[in-house]
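**Student:** Take a look at this one; I'll ask things after.
The values are calculated or read from the model by the stated rules, or taken from the named source; none is laboratory data. Treat the numbers as computed from the prediction; the structure is a model and nothing was measured. Positions of Cβ are generated from backbone atoms using ideal geometry, with glycine treated the same way; all protein chains shown enter the neighbour counts. All accessible areas refer to the heavy atoms of the entire protein, side chains included, with ligands and DNA or RNA removed. Shrake-Rupley method; radii C 1.70, N 1.55, O 1.52, S 1.80 Å.
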Amino acid sequence: MTTYDPSNIFAKILRGEIPCHRVYEDAHVLAFMDVMPQADGHLLVVPKAPSRNLLDADPAIFGPLMAAVQKLARAAKQAFGADGVLIKQFNEPAAGQTVFHLHVHVLPRHVGMELRPHSGKMADHAVLARHAEMIRAALG
Ligand code: 5GP
């Protein structure tokens, strides 16, 4: 049985030990830009309650988590003039998970535009800061 390790990178971000480009926060979740975005505006929504992934999470978190995902998907779509929004979430290494604190990916998608590789190239921090600002502005 795999267990939750509080030294994971998203737990450190939640504790404020390492920086992030913050987009949204409420009592249940923190949302910030993915540092290796697969598309412009790629952000992550992270519940504050510790769980490794969906498999060991308290189901009570799913309501507030998905409400935040919907809010952020709408804002990211508007901010980037996207045609659609991809929501994805990986569980365990076999499924592609690389950071072991539950998180949901939100990716604005444009018709005909390929996604960049998962965990690929680190984005420029000035660009991430600008994209975070665009999504915050769309949140109103
Ligand atoms: P997973 O495969 O676990 O669903 O994806 C983890 C995601 O976290 C990847 O898309 C990766 O680019 C992103 N990521 C990895 N390290 C960091 C980090 O230190 N900060 C941020 N903001 N994103 C990260």
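**Student:** Given the criteria under 13 Å from Leu44 (Cβ atoms) and surrounded by fewer than 21 Cβ atoms within 10 Å (Cβ to Cβ), does Gln78 qualify?
**Tutor:** no
**Student:** Let me ask something else about it. If I ask for residues that are farther than 19 Å from Pro117 by Cα, within 14 Å of the ligand (Cβ to nearest atom) and among the basic types (Lys, Arg), which ones from the range 33-88 would you list?
**Tutor:** Arg52
**Student:** Only one of (1) open to solvent by less than 50 Å² (accessible area, probe 1.4 Å); (2) at pLDDT 95 or above is not met by Gly120, so which one is it?
**Tutor:** (2)
**Student:** Which of the residues that make up the range 124-140 are surrounded by 18 or more Cβ atoms within 10 Å (Cβ to Cβ) and within 14 Å of Pro19 (Cβ to Cβ)?
**Tutor:** Leu128, Ala132
**Student:** Checking Gln97 against (1) more than 9 Å from the ligand (Cβ to nearest atom); (2) open to solvent by less than 30 Å² (accessible area, probe 1.4 Å); (3) out of contact with any Asp or Glu (no Cβ under 9 Å at 6 or more places or on another chain); (4) of a type outside the set (Asp, Glu), which test does it fail?
**Tutor:** Checking Gln97 against (1) more than 9 Å from the ligand (Cβ to nearest atom); (2) open to solvent by less than 30 Å² (accessible area, probe 1.4 Å); (3) out of contact with any Asp or Glu (no Cβ under 9 Å at 6 or more places or on another chain); (4) of a type outside the set (Asp, Glu), the one that fails is (1).
**Student:** Something else now. Collect the residues in the range 68-91 that are polar (S, T, N, Q) and closer than 10 Å to Ala138 by Cα, keeping them in residue-number order.
**Tutor:** Answer for the range 68-91, where residues must be polar (S, T, N, Q) and closer than 10 Å to Ala138 by Cα: just Gln78.
**Student:** Take the range 1-32 and flag every residue that is within 13 Å of the ligand (Cβ to nearest atom), open to solvent by less than 70 Å² (accessible area, probe 1.4 Å) and touching a residue at least 24 places away in the same chain (Cβ under 8 Å).
**Tutor:** Asn8, Phe10, Ala11, Ile13, Leu14, His21, Val23, Ala31, Phe32
**Student:** Restricting attention to the range 33-68, which residues are open to solvent by 50 Å² or more (accessible area, probe 1.4 Å), farther than 20 Å from Ala123 by Cα and touching a residue at least 40 places away in the same chain (Cβ under 8 Å)?
**Tutor:** Listed by number, the residues that qualify are Pro50, Leu54, Asp56.
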